[in-house]
Amino acid sequence: MFLTASALALGGVLVAPEPGSAAWWALGTLGHLPFGVIVLFLAGGMVERLGYLRAGRAPRRAGRLPDLLPSVCVQLPMFNELAVARRAILAAAALDWPADRLEIQVLDDSTDPDARAVVDQACADVAASGVTCTVLRRAERHGYKAGALEEGRARTGAELLAIFDADFVPPGDFLRRTVEHFYRPSGEPDDGLALVQARWGHLNDDESALTRAQSLWVDDHHVLQMSWRSARWQFVNFTGTAGVWRASSIEAVGGWRAASLVEDCELSFRHLFAGYRTTFVKEVVAPAELPATFTAYKAQQKRWTQGWAQVQRLHLRTLVTTFRTTPARHLHLVYHMLIPWQWPAWATWVLMLPVLIHLDLWVGVLGVPHGVIGYLLPPTVWLVTCAVLASVETRDGDGGTPHARAVVRRLARAVPYAGIATAMLPHQFSAFVEGWLGPLHSEFERTPKTASVGGEAGGPATARRSPVRIHAPYVLAEAFFAAYQLTWAVVFAVHALWWPALGAAALATAVAWLGYFYGDADGRVLGAVERRHGRRRDAEVPSRPGAGVALPAPPVSDPLLIDDATWSQRDLPAAGTSLDHEPLAR
């Protein structure tokens, strides 16, 4: 469609009406509908960010833990996590919770024998320390992560389920500070609360421009958006990790399902429809590894965007037509579910705008500066607001840097964020289309991890990169987008429209440059020369508060291997020894 419109416009077949005429206003308005949708999404985002200042900043009030603490099962879903498996298992074992009320399930679907060996050895070490640890392996990866979590849930009688992805390193007091929210000040259980979601921290946010850009998005989403949603509407979606679920509520809504690639969000909406509340506690931070390569980042973003589109196919009709709540809450929840529609809106707009400019159907007919300001002002205001609030509210996480300097450094993250988000547009649009038109039960592609911490690799995976599938339609979309914008840049330059030419050329360059890194087996990153800021991050010093965990004592005996028809289960009994606290090897 856009190629046809472009060809007709360039060939003189499409001729715009006289500027200022009724037909000119009608066509111009129609052509600007995608931009109107974008502005609506930006306005909704501003409501959340500014609403945070009024309703989201106050700490969440916790209840009182009962004398007899609830039983907790820590679930660690893994698939070929050679680099980070041991770190995750040891961090789980170091959680402050009575040993007789705690069990660890390593849901290991690994096909890599080296990764399996790392898991087995780490669990043996944990067993020797006196913590119950079980490795559950499935013969087939039915349902991928959701299937593993469901199988594990069926094999535990724990009241609460704490879930961590393999790259997360929760602080020792994580359970103490999250589980208390399941209780009222009197110590009585709050049965209506199904989930306590903690905030994501960062282990390697200063590694490159790529990780700095991601850290801004994570801080904005967690600290601002989720805090406000939790305080205002008593609903946040589970982020797939760093959260504690009430086991009985998952059972009540039908368990984990693999119909969507974001099984965490899908489960959250089923809880919403069943009348449960979910809450977010920004004061509890679980540090994690940000994707350090563009291959890993694109794999993650593809899964999230595609999965959100699948959630809409599954639950949007229910949310709009049958779910009952207050009008304001209903409107926000619909906005919440529809947020991924910003990608097709942006894609349509940047493809439509060159045609509108060529036909003089844009605001620039009033003067090119008017067009630049009119189209750039809304996203710029949104970005600056997000960057300022997120940077100010998370300044204490900048490793001891004085507050004023920390805010400035964190504000600078907006520059790579804007560039990378723009360059990701065709990739995200393709993921959205695949989510809407493709199968629901699609393959779960894990995000490759390298145990990167503060710019240093922290595991044996440095010698062997995880393969990432290259999706041809996504590459073609990037190539088309870059060629399309570059063509229009030349056309605008010929007609001496320098601002539009510069904008189209910048878009083409960004997309082509980022597309070059797709499928990058060497793991290159933007700004690959690491910034050390004149100091070395020693192996024993965590890069963020809570990043260090205690390592259990070395193994004293081999675990017992138990096989059955479906599972190979490694049951690790308590050995009666205490944890030997040592610094985390970084």
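The values are calculated or read from the model by the stated rules, or taken from the named source; none is laboratory data. Everything numeric in this text was worked out from a predicted model, so none of it was measured. Because the Cβ atoms are built from the backbone with ideal geometry, glycine has one as well, and the counts that use them run over all protein chains shown.
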Residues of the range 412-424 that turn out to be closer than 14 Å to Gln342 by Cβ and in contact with a Leu (Cβ under 8 Å, 6 or more places away or on another chain), as a count: 2
Criterion: assigned to a helix (DSSP H, G or I), modelled with pLDDT of 95 or more, out of contact with any Ser or Thr (no Cβ under 9 Å at 6 or more places or on another chain) and surrounded by fewer than 18 Cβ atoms within 10 Å (Cβ to Cβ) - qualifying residue of Leu377, Leu331: Leu331
Helices (runs of 4 or more DSSP H) within the range 109-206 that include 3 or more residues within 30 Å of Thr394 (Cβ to Cβ) and assigned by the TED database to the domain that holds Ile250: 174-179
Single residue of the range 66-84 satisfying the filter (touching a strand residue (DSSP E or B) at 6+ places or on another chain (Cβ under 6 Å) and either modelled with pLDDT under 95 or of a type in the set (A, V, I, L, M) (or both)) that is farthest from Thr132 (Cα to Cα): Met78
Residue within the range 338-356 that is modelled with pLDDT under 95, of a type outside the set (D, E, K, R) and outside any helix (DSSP H, G or I) present: no
Residues that are in contact with a Gly (Cβ under 6 Å, 6 or more places away or on another chain) and assigned to a helix (DSSP H, G or I), drawn from the range 98-108: Ala99
Residue in the range 67-76 that is assigned by the TED database to the domain that holds Thr394, over 22 Å from the mean Cα position of the chain (by Cα) and surrounded by fewer than 22 Cβ atoms within 10 Å (Cβ to Cβ) present: no
